[in-house]
Amino acid sequence: MALVVTGVVVLDCAEPEKLATFYKELLEAEETDATANRVEIKSADGLRMAFRRDVMATPPSWPRPENSLQAHLDFHVNDLDEAERRVVGLGGRPLETKDASGPFEERGYADPAGHSFTLRLIAATAPKQG
């Protein structure tokens, strides 16, 4: 039997209720636990995230080098433009608007508390026909 059976990504922030709402809506997740200082959510595919109150939390400064990446999240999406509209509509903001180099199409954002994350387009599994 495994010693560790699951994990949770925890983000520190000043207002965990607000940040949990952002990710709950973005990921179409459900709230699974809430206390005065922590809110946890779980998406339909099993991704678990929690948001812990830290009134002294400072957002990462990425892409500036000082205090840049404290944590970074990647989310795979089927439509980058639609996902971007949803992120911005929920209070997130774009960080990288230029096309990313490399094999993946992706864009960088910050959530309402300033944590950075990437939306990455899911590559087609079969070549296009015709």
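Rule-based calculations on the coordinates, nothing more; no lab input. This structure is a prediction, so every number in the text was calculated from the model and none was measured. Don't worry about glycine lacking a Cβ; one is built from the backbone with ideal geometry, like all the others, and counts go over all protein chains shown.
Before moving on, here are some points about what is shown:
- Extreme residue, nearest to ASP111 (Cα to Cα), among residues of the range 34-58 that are of a type in the set (Gly, Ala, Ser) and assigned to a loop (DSSP other than H, G, I, E, B): ALA57
- Top-ranked residue in the range 78-97 [being β-branched (Val, Ile, Thr) and over 12 Å from the mean Cα position of the chain (by Cα); ranked as surrounded by the fewest Cβ atoms within 10 Å (Cβ to Cβ)]: THR97
- Hey, LEU26 surrounded by 15 or more Cβ atoms within 10 Å (Cβ to Cβ) and either touching a Lys or Arg at 6+ places or on another chain (Cβ under 8 Å) or not hydrophobic (A, V, I, L, M, F, W, C) (or both) or not: yes
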